[in-house]
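Okay, structure first, notes after.
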2 protein chains.
Amino acid sequence: MLAPAGSFSKAERDAVYRVIYARRDVRNEFLDQEVPRDVLMRILDAAHHAPSVGFMQPWNFILIHDLSIRRSVCEAFSRSVREEEQSIEAGKRALYRNLKLEGILKAPLNICVTCDRARMGKTGLGRSQQPETDLLSTACAVQNLWLAARAEGVGVGWVSILKPEELRMILGIPEEIAIVAYLCVGFVERAYVRPELEVKNWAKRLPLDQLVFDNLWGERSEAAND
Amino acid sequence: MLAPAGSFSKAERDAVYRVIYARRDVRNEFLDQEVPRDVLMRILDAAHHAPSVGFMQPWNFILIHDLSIRRSVCEAFSRSVREEEQSIEAGKRALYRNLKLEGILKAPLNICVTCDRARMGKTGLGRSQQPETDLLSTACAVQNLWLAARAEGVGVGWVSILKPEELRMILGIPEEIAIVAYLCVGFVERAYVRPELEVKNWAKRLPLDQLVFDNLWGERSEAAND
């Protein structure tokens, strides 16, 4: 049941790093072109092979093509973004208003990723001390989906300016199921070279060496000081 | 600021899918061999290029080489696993006891991944309706780290049978910083071909088509019925 697990070839490693660095949060570059079923299923199967606590695989994927449903979600987004704007510091509000923050209607497909918190019993292996690890597992599945999609030329944008209770109502999601991510999905021809929020001066990339500590919180790492 | 973003070559896509499918949650296969600094920094930089809500990059990485600290974490694990065992259904308790659930001392390096929930202000872009998306972003960083590590021949095991408050005390993590993941990290020569919990009959892989819905929760998807 064990097999060799050494490092990948240089070319394979380059591809892995390329997909990690080239992945973008897409809002506006979606093409009006259906994602074929075989491509979509490869992307979903990549998500399904994410790690999950106690191998509980708590995720579901709701594929939303229906335009009237997407219109309802888009209206819910519009209400939420007006609310959120009020919480943004005054000096950044004009910039915030000019950001494109979703591709709900422009993308031909939306995917809602959920987490069934009781899929394998109420606590289960690995969740007695950290019950929220099922949600974190589901986020790992989203990241797998995102990377596989990028390799297929498919862009993904995660929209979080949505009230979970509104999404629950629109999509008929039961009370006991947690909503983890609402994704806009579709082919793209072009994507930002750096994160769009970096390009548009919303925030800067933090230097990695400031984020790495040795042994204890706050102890500046030698490993990072190359 | 936009560049072509088409699909990868067949060889590159194969490498991306290979790393997604070959990644394992490693507990026992760690080699006693230091991960070189350049490899480690490549893996951490991959994590740092995960998506994050509002580009907040809320993560920190505590690199734990110190053996006495790892011993304290291992003792905390041992206490927690005895507690967790009581919550496992009686019929699976013998199997649970035989599972190797951590590599805290066997791996030469542990990494605690945290989330600074106030890194870019209290709410910030994308968190007014879904404040927990910063934790999910941090989980995406863990997944990037895990995949990059696999491509480098480095195994990763996520240990969640730990009380966050005990970790906080041992590692000196401030109250306002959330603890997201505790990882055991080191080179491996061999890894399980399928997830260890599947091989050891803890749980089965769920069929993907049962996890995919069309438009609304519970509507069985045609896309999945290939």
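Cβ separations smaller than 8 Å between residues 6+ apart or across chains give the following pairs from the stretch A:70-94 residues that are free of Cβ contacts under 8 Å to residues at least 24 places away in the same chain to residues that are open to solvent by 100 Å² or more (accessible area, probe 1.4 Å): A:85/A:97.
The listed residues are A:71, A:18, A:79, and the only one of them that is over 28 Å from residue B:221 (Cα atoms), at pLDDT 95 or above and more than 9 Å from chain B (Cβ to nearest Cβ) turns out to be A:79.
Residues in the stretch A:37-68 that are aromatic (Phe, Trp, Tyr) and more than 7 Å from every other protein chain (Cβ to nearest Cβ): none. If you go through the stretch B:175-217 and keep only what is assigned to a loop (DSSP other than H, G, I, E, B) and either more than 7 Å from every other protein chain (Cβ to nearest Cβ) or aliphatic (A, V, I, L, M) (or both), you end up with B:175, B:176, B:193, B:194, B:200, B:201, B:203, B:204, B:205, B:206, B:207, B:216. Condition (residue is acidic (Asp, Glu), facing chain A (nearest Cβ under 9 Å), under 30 Å from residue B:13 (Cα atoms) and surrounded by 19 or more Cβ atoms within 10 Å (Cβ to Cβ)) applied to the stretch B:152-171: is it met by at least one residue? Taking every residue of the stretch B:152-171 in turn, at least one turns out to be acidic (Asp, Glu), facing chain A (nearest Cβ under 9 Å), under 30 Å from residue B:13 (Cα atoms) and surrounded by 19 or more Cβ atoms within 10 Å (Cβ to Cβ).
Residue A:124 meets all of the listed conditions (1) touching a Ser or Thr at 6+ places or on another chain (Cβ under 8 Å); (2) more than 7 Å from chain B (Cβ to nearest Cβ); (3) under 30 Å from residue B:84 (Cβ atoms) but one, namely (1). Looking at residue B:135, is it within 21 Å of residue A:136 (Cβ to Cβ), more than 9 Å from chain A (Cβ to nearest Cβ) and not in a loop (DSSP other than H, G, I, E, B)? No; evaluated as a whole, the condition is false for this residue.
Residue-wise test of (1) in contact with a Ser or Thr (Cβ under 9 Å, 6 or more places away or on another chain); (2) at pLDDT 95 or above.
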{"position": "B:159", "(1), (2)": "no, yes"}
{"position": "B:174", "(1), (2)": "no, yes"}
{"position": "B:178", "(1), (2)": "yes, yes"}
{"position": "B:190", "(1), (2)": "no, yes"}
{"position": "B:194", "(1), (2)": "no, yes"}
{"position": "B:207", "(1), (2)": "no, yes"}
{"position": "B:214", "(1), (2)": "yes, yes"}
{"position": "B:221", "(1), (2)": "no, no"}
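Being part of a loop (DSSP other than H, G, I, E, B), of a type in the set (A, V, I, L, M) and within 15 Å of the chain's Cα centre (by Cα) is the requirement here; does residue B:162 meet it? Yes, satisfied. Test residue A:198 against the criterion of being in contact with a helix residue (DSSP H, G or I) (Cβ under 9 Å, 6 or more places away or on another chain) and at pLDDT 95 or above, and give yes or no. Taking the combined requirement at face value, the residue satisfies it. Scanning the stretch A:1-24 for residues that are assigned to a helix (DSSP H, G or I) and within 27 Å of residue A:132 (Cα to Cα) gives a single hit, A:20.
The values are calculated or read from the model by the stated rules, or taken from the named source; none is laboratory data. As the structure is a prediction and not an experimental result, all values here were calculated from the model. Neighbour counts are summed over all protein chains in view; Cβ atoms, including those assigned to glycine, are modelled from backbone coordinates with ideal geometry. Just so you know, the surface numbers come from the protein's heavy atoms only, side chains and all, with ligands and any DNA or RNA stripped out. Shrake-Rupley method; radii C 1.70, N 1.55, O 1.52, S 1.80 Å.
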